[in-house]
Amino acid sequence: MTSEIVVALIAAGGGLVGTVVGIRMNTSLVVYRLNQLEKKVEIHNKVIDRTYCLEEKAALSEEKFKVMNHRLEDLENGKGKE
């Protein structure tokens with residue numbers, strides 16, 4: 001083989017190795033970033049679920065206060081003595 005062919009094969013091998021290493025590093029970075037985004041989404045979803053539960057409890061408490069106020073008004077007006 002001539003020296004030009006050997007140099008071309010070494011250059012092609014180096015280019016191939018560089019490309020494979022670059023693709024693997026890029027893929028690992030993408031996987032890492034996806035995992036981080038999944039964690040953030042999970043935390044966000046937990047906050048949304050907790051907020052929904054708090055809103056339900058607040059609505060229930062408001063309804064209870066309305067009922068209690070109505071009962072107090074009835075007692076104050078003498079309707080509860082019958």
> Relative to the longest principal Cα axis of the chain, at what angle does helix 3-76 sit, 0 to 90 degrees, rounded to 10?
Replying inline: 0 degrees
> Tell me, in nm to one decimal, what length is gained between Val7 and Ser28 on full extension, where the rule is 0.36 nm per residue of separation less the Cα-Cα distance?
Replying inline: 4.4 nm
>> I'd like the FRET efficiency for Leu72 and Lys46, computed as 1/(1 + (r/R0)^6) with the beta carbon distance as r and R0 of 25 Å, rounded to 0.05.
In response: 0.05
>> Based only on other Cβ atoms within 10 Å, what is the fewest-to-most ordering of Ser3, Ser28?
In response: Ser3, Ser28
> Can you give the Kirkwood hydrodynamic radius of the chain from its Cα pairs, in Å with one decimal?
Replying inline: 19.7 Å
>> Within a 10 angstrom radius of the beta carbon, how do Thr27, Thr2 rank from fewest other beta carbons to most?
In response: Thr2, Thr27
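Rule-based calculations on the coordinates, nothing more; no lab input. A quick note: this is a predicted structure, and the numbers were derived from the prediction, not measured. Ideal geometry is used to build each Cβ from the backbone, glycine not excepted, and the neighbour counts take in all protein chains shown.
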